[in-house]
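Notes follow once the structure below has been shown.
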Amino acid sequence: MSIRHASEFRELTDAELAVQLFNAHDELFRLRFQLATRKQKNHQRVRLVKREVARMLTVVHERELQALYDQALAWFHEDNAAEDGAAPATDETTELSASAEEAPAPRRRGLFGRS
């Protein structure tokens, strides 16, 4: 089995990632059981599965942090709009919002879009 990188896990949906994580935990349990009963000789496989689980958990944690960050950012913008008294939109702001809606969002890599 080849090494799967975190970028491969980032491409999965939340449901697919949860299934992959469940399967990896199950495989890790079975490997530990086989090692304890001396039916498995490959100790390295345990190490690889543990690292794969860690990569998946990292992606899950990144998604949780990104959701919290987006939520806080939305609250911040709501608070600023309330303080400004909900000033009417000018032509500049409507142009900026229209161009932001048309342009595709840049692909985020890792935590908060860092390279």
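The values are calculated or read from the model by the stated rules, or taken from the named source; none is laboratory data. If you're wondering where the values come from, they're calculated on a predicted model, not measured in any experiment. For neighbour counting, all protein chains shown are included, and Cβ atoms are generated from backbone atoms with ideal geometry for every residue, glycine included.
Worth a mention:
- Any pair with Cβ under 8 angstrom, 6 or more apart, that starts in region 28-41 at a residue that is at pLDDT 90 or above and ends at one that is surrounded by fewer than 11 Cβ atoms within 10 Å (Cβ to Cβ) and not basic (Lys, Arg): 35/43
- Residue satisfying all of: in region 3-19; farther than 14 Å from residue 50 by Cα and of a type outside the set (A, V, I, L, M, F, W, C); nearest to the chain's Cα centre (by Cα) among these: 10
- Residue within region 27-37 that is in a helix (DSSP H, G or I), among the acidic types (Asp, Glu) and within 19 Å of residue 59 (Cα to Cα) present: no
- For region 1-26, a residue qualifies if it is within 16 Å of residue 57 (Cβ to Cβ), among the acidic types (Asp, Glu) and free of Cβ contacts under 8 Å to residues at least 40 places away in the same chain, and the qualifying residues are 8, 16, 26.
- Members of region 1-46 found to be β-branched (Val, Ile, Thr) and surrounded by 14 or more Cβ atoms within 10 Å (Cβ to Cβ), listed by number: 46
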